[in-house]
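Notes follow once the structure below has been shown.
The values are calculated or read from the model by the stated rules, or taken from the named source; none is laboratory data. Here the structure is a predicted model, which is why all the values come from computation and not from measurement. Heads up, the Cβs are rebuilt from the backbone with ideal geometry, glycines too, and the neighbour counts pull from every protein chain shown. Note: accessible area is taken over every heavy atom of the protein model, side chains too, but ligands, DNA and RNA are not part of it. Shrake-Rupley method; radii C 1.70, N 1.55, O 1.52, S 1.80 Å.
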Amino acid sequence: MDVAEFRRRGREMVDYVADYLENLEQRPVYPDVEPGYLRSLIPTEAPLEPETYEDIMKDVERVVMPGVTHWHSPYFYAYFPAASSYPAMLADMLCGAIGCIGFSWAASPACTELETVMLDWLGKMLQLPECFIAGTQGHGGGVIQSTASEATLMSLLAARCKAIRWVLASNPEKSEAEILSKLVAYTSDQAHSSVERAGLIGGVMMRKVPTDNSYAVTGDILKKMVEEDKAAGLIPFYFCATLGTTPSCAFDHITELGPICNKENMWMHIDAAYAGSAFICPEFRHLLNGVEFADSFNFNAHKWLLINFDCSAMWVKKRSDIIGAFKMEPLYLKHENQESGLVTDYRHWQIPLGRRFRSLKMWFVFRMYGLKGLQAHIRKGSNELNQTLLKRITKSREIHLVPCQLSGRFVLRFAICSRSTESHHIQQAWRHITQLTFELLQEPAH
Ligand code: PLP
């Protein structure tokens, strides 16, 4: 493919993608294929001779699309949202074109510097404490990891390294292996499996903390477990809190848990993979109170913040904790500015060496939506919309409801009041509300 053909095919591809997304609801959301379906549709060997672009695109429809689960279909309600937007997709095209591997500042200064600034922008949207913001007097800063699993693993490994050094400082006779065998980490019994996995990979005990009746970890239970473990000669060193658990979106009580971790010299990491995007709205920000006690905080901007996968935002309070844990300095990666104190080399913040220019898609999305646009996306609806819906419900005279006000939000109450109400009445009422909502949302103003 030469540049002339690339220009033509590029335009065609944008049209293909736009058509795909515009007509997605017509495709079945879940594929009707059996395991192994694809192998029978393509040759067993790669082609010896070049094939045409037209043939490949035909096969996208023949081979690939029948086996795609369409995550962006309006009928997709599984797992969690995978964010997507046109500005992010365009930025990803540019990222592919620039194609730099920005593992150090020198490997592509713009890639590194834009990332640091974008994590500051996002950190400020979340009203993170200043200590997490790189462009301040603090010692913290942010990084893009691929996934929340990696962020948790990185935090656990950094905490492990810090704990071992700390114990060795006062007990130089102990071996690292001996200390490692005593380290114990904690997380909620509702935490995502990636947290337990981080413990397995990190070779440390991971204890599950039982949750209360709202599926949240409270301070007293963690305190009791930590005390028992210390009495048994173990070394508590890490706690992973969850804000927005996978099964029920429960929030651990980090305002109670944080001070315990700080007092016990335990690293507190916060996994807010799914729910974290909501904290950019002032009405949800209180759920993040207590983050000031955390050593690291992470959420997936690629879940709910209109930035396509992968973009898992992670902040640390003391960047030296993370950099110092994994520092390797082969000659071929060194550069003259690395000790200047002015630059970040993100290779020290992650497991792989290579990294893409992912901050471009943050930059495009943040600028094209603005904070207000991003907040509107999270809220997906307004008090006015609910007020109009209630007016229409009342006018229809088919069912009767009254509203209430909760934390500044206009909420429609659905109370089952009559002795004679049966299940079919509720179903009919629900169909009616759904129909009126649907009609309202179809109107151009909404
Ligand atoms: N943590 C929580 C609370 C999650 O809900 C999920 C996934 O849904 C994860 C971690 C794992 O996310 P990732 O795929 O980015 O590793």
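Laid out as a table, the results:
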{"read-out": "Within-10-Å neighbourhood charge of Y346 [Cβ basis; K, R +1; D, E -1]", "value": "0"}
{"read-out": "Accessible-area composition of the chain, carbon plus sulfur, in percent [1.4 Å probe]", "value": "57 percent"}
{"read-out": "For E34, solvent-accessible area (1.4 Å; no DNA, RNA or ligand), Å²", "value": "130 Å²"}
{"read-out": "DSSP-defined antiparallel bridges as percent of all bridges, segment 122-261, nearest 5", "value": "10 percent"}
{"read-out": "Trypsin sites (Lys or Arg not before Pro) within segment 240-332, DSSP loop, no more than 16 other Cβ atoms inside 10 Å", "value": "K327"}
{"read-out": "Additional length obtainable on full extension of the chain from H335 to C404, 0.36 nm per residue less Cα span", "value": "18.7 nm"}
{"read-out": "Largest to smallest principal axis extent of the C-alpha atoms in segment 306-446, angstrom", "value": "79, 34, 25"}
{"read-out": "Positive minus negative residues near L168 (Lys, Arg vs Asp, Glu; Cβ under 14 Å)", "value": "+2"}
{"read-out": "Cα-based Lys proximity count in segment 82-221, under 20 Å, for pairs eight or more positions apart or on separate chains", "value": "4"}
{"read-out": "Check: segment 251-410 dipole with +1 on Lys, Arg Cβ and -1 on Asp, Glu Cβ, in debye", "value": "920 debye"}
{"read-out": "Of the trypsin sites (Lys or Arg not before Pro) in segment 134-197, those whose Cβ has at most 15 other Cβ within 10 Å and which sit in DSSP loop", "value": "K174"}
{"read-out": "Proximal aspartates and glutamates to K223, defined as alpha-carbon separation beneath 16 angstrom and excluding residues fewer than eight positions away on the same chain", "value": "D189, D212, D252, E256, E264"}
{"read-out": "Rg and Dmax [Cα atoms of segment 1-52; Å; Rg one decimal, Dmax integer]", "value": "16.0, 40"}
{"read-out": "Accessible area (Å², per residue) of the chain, counting only protein heavy atoms and a probe of 1.4 Å", "value": "55 Å²"}
{"read-out": "Value of relative contact order over segment 264-362, rounded to a whole percent, pairs C-alpha under 8 Å and six or more apart", "value": "21 percent"}
{"read-out": "Translational diffusion coefficient (Stokes-Einstein; Kirkwood radius from C-alpha pairs) of segment 157-244 at 4 °C, 1.567 mPa s, in µm²/s", "value": "95 µm²/s"}
{"read-out": "For the chain, built as a Gaussian network whose Cα springs stay under 10 Å, the top-fluctuating residue of Y16, Y332, Y75", "value": "Y332"}
{"read-out": "Kyte-Doolittle mean at least 0.0 and Cα axial length at least 27 Å: DSSP H helices in the chain", "value": "148-170"}
{"read-out": "Qualifying trypsin sites (Lys or Arg not before Pro) for segment 359-446 [loop in DSSP, other Cβ within 10 Å: at most 15]", "value": "K380, R397, R413, R419"}
{"read-out": "Cα shape, segment 1-91, gyration tensor, a/c 1.5 rule", "value": "oblate"}
{"read-out": "Segment 310-375 versus segment 184-204: alpha-carbon centroid distance in Å", "value": "24 Å"}
{"read-out": "For the chain, alpha-carbon Rg over 2.2 N^0.38 Å", "value": "1.14"}
{"read-out": "Interchain or long-range residues, amide H under 5 Å from M206's placed H", "value": "A185"}
